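So the structure is just underneath, and the comments pick up after that.
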Amino acid sequence: MNVHTDPLVDDYLRRLDAAASTLPTDQRDELVSEIRDHLQEALSQTPPGDQAAVRNALERLGSPEEIVAAAADPAPGQPAGVGSQVNVLAIASVAVAVLWFAGFGAVLALVFGYRARRQIKDSAGTQTGSGLATAGIILGWIGIAIVVTAVILIALHPNKSQ
Amino acid sequence: MEPGRARNPVSQLRKGTLEYCVLALLRDGQRYGFELVRTLSETDGLLVSEGTIYPLLSRLRRDELVSTSWQESEAGPPRRYYQLTDAGKRALADFSDEWARFRDAVDALVTPQRRAGR
């Protein structure tokens with residue numbers, strides 16, 4: 001039978017497509033087309049209108065939600081995320097580095113930046129932003145270099161600042 | 001890892017090893033999606049919803065452990081075939097070694113008869 005004409009299959013694919021709206025577009029399209037091909041294969045020997053066979057094939061597939069959850073969960077033991085997210089600490093690292101806070105921002109930028117890089121590495125692809133984290137770290141070190149230079153200058157020339 | 005995520009430990013194990021079962025099925029040559037999925041779902045004890053294999057295949061392709069190619073079939077539309085890449089072969093070989101040691105270690109501890117026999 002041709003799955004493109006079966007209402008149960010149509011309905012299932014529609015639900016799958018809707019559930020997959022949280023995935024990146026290319027993954028969503030790929031998933032729906034793979035499942036459609038699967039059903040085409042599974043039902044190729046089935047006479048049209050054999051509802052029991054269609055139901056059985058759909059049941060073996062699992063629910064659309066279950067399939068999408070498997071797509072959104074990139075590695076075992078990792079929290080299920082939707083696509084990849086930019087690490088919050090990486091953003092915070094750059095923000096505090098730029099805001100400066102009389103040197104304290106630089107220290108925070110380093111703490112946040114290194115922690116962000118570790119989190120991103122451990123996230124197995126669910127988080128992005130290692131470039132941002134690195135930027136925060138570099139800005140942090142620059143900030144610290146400025147503070148140290150300023151302290152040295154003031155120490156060497158204690159009277160000039162008055 | 002995350003609090004509250006300690007679900008059924010066997011289902012976690014199954015999830016972690018399933019991708020290597022997929023790679024292992026490709027060891028002897030390419031297969032198309034439906035064939036792979038049916039073989040896995042008919043393997044006793046793996047207990048997978050067939051549909052969840054496709055996201056896994058997609059991830060293996062993105063991780064470049066498998067590559068895909070479309071080929072004509074005798075009947076019906078073209079099929080997407082999956083085959084191991086060199087990285088996939090290495091990952092499978094590494095896992096197979098680790099798995100044998102892991103399995104033996106767990107067996108030795110959880111199987112009472114085995115312990116008595118040693």
Point to revise | Nonlocal amide H pairs with B:S73, under 5 Å, H built at 1.01 Å | key: B:R79
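If each DSSP helix of 4+ residues adds -39,500 (n - 2.57) and the sum is divided by the residues in chain A, what number results at 222 nm, nearest 500 deg cm²/dmol? Each step should come with its number before you reach the end.
Details: 7 runs with 109 residues, N = 162.
It comes out at -22000 deg cm²/dmol, rounded to the nearest 500.
Peptides A:127-133, A:148-154, A:26-32, B:49-55: what's the order by average Cβ count within 10 Å, highest mean first?
Values: A:127-133: 20.1, A:148-154: 10.7, A:26-32: 17.9, B:49-55: 23.6.
Listed from highest to lowest mean packing, they are B:49-55, A:127-133, A:26-32, A:148-154.
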Check your understanding: To the nearest 20 debye, what is the magnitude of the charge dipole of the protein assembly as shown about its Cα centre, counting +1 on the Cβ of each Lys and Arg and -1 on the Cβ of each Asp and Glu?
Key -> 1500 debye
Review point. In whole angstrom, and with the biggest value first, how far do the Cα coordinates of the range A:85-156 range along each principal axis?
Key: 49, 17, 14
Study note, to complete from the structure: Karplus ³J(HN,Hα) for the range B:72-80 (6.51 cos²θ - 1.76 cosθ + 1.60, θ = phi - 60°; Hz, whole; x = Gly/Pro) runs 5, 10, 4, 10, x, x, x, 10, 8
**Study point:** Most positive-pole-ward Cα, A:A102, A:Y114, A:T25, against dipole of chain A from beta carbon charges
**Key:** A:A102
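For peptide A:31-40, compute the average count of partner chain beta-carbon atoms within 10 Å of each residue's beta-carbon.
On the way: counts 5, 1, 2, 10, 4, 1, 9, 8, 2, 4.
The per-residue average across the peptide is 5.
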Study note, to complete from the structure: For A:G62, other-chain or 5+-apart residues with amide H closer than 5 Å (H placed, Pro excluded) are B:E50, B:G51
Exercise for review: Note down the Stokes-Einstein diffusion coefficient of chain A in µm²/s, whole number, using a Kirkwood radius over alpha carbon pairs, 25 °C, and 0.890 mPa s.
Suggested key: 124 µm²/s
Revision key, fill the gap. Averaged over residues of B:53-62, the number of beta carbons from other chains lying within 10 Å of each residue's Cβ is 6
Point to revise | Where only alpha carbons of the range B:9-117 are counted, the Rg and the Dmax (Å) | key: 16.2, 57
Exercise for review: Could you line up B:F34, A:F112 from fewest to most neighbouring Cβ atoms inside 10 Å?
Suggested key: B:F34, A:F112
Exercise for review: Report the residue, chosen from B:S11, B:S67, B:S96, that carries the largest GNM mean-square fluctuation when chain B is represented by alpha-carbon nodes joined by springs under 10 Å.
Suggested key: B:S11
Review point. Taking every pair of alpha-carbon atoms in the protein assembly as shown, what share in percent sits in each 5 Å bin, from 0 to the bin with the longest distance?
Key: 1, 5, 9, 11, 13, 12, 10, 9, 7, 6, 5, 4, 3, 2, 1, 1, 1, 0, 0, 0
**Study point:** B:Q113-A:T25 FRET efficiency (beta carbon distance; Förster radius 45 Å; 0.05 resolution)
**Key:** 0.25
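Values quoted throughout were computed directly from the atomic coordinates according to the rules given, and no laboratory measurement underlies them. This is a predicted model, so every value here is computed, not measured. Heads up, the Cβs are rebuilt from the backbone with ideal geometry, glycines too, and the neighbour counts pull from every protein chain shown.
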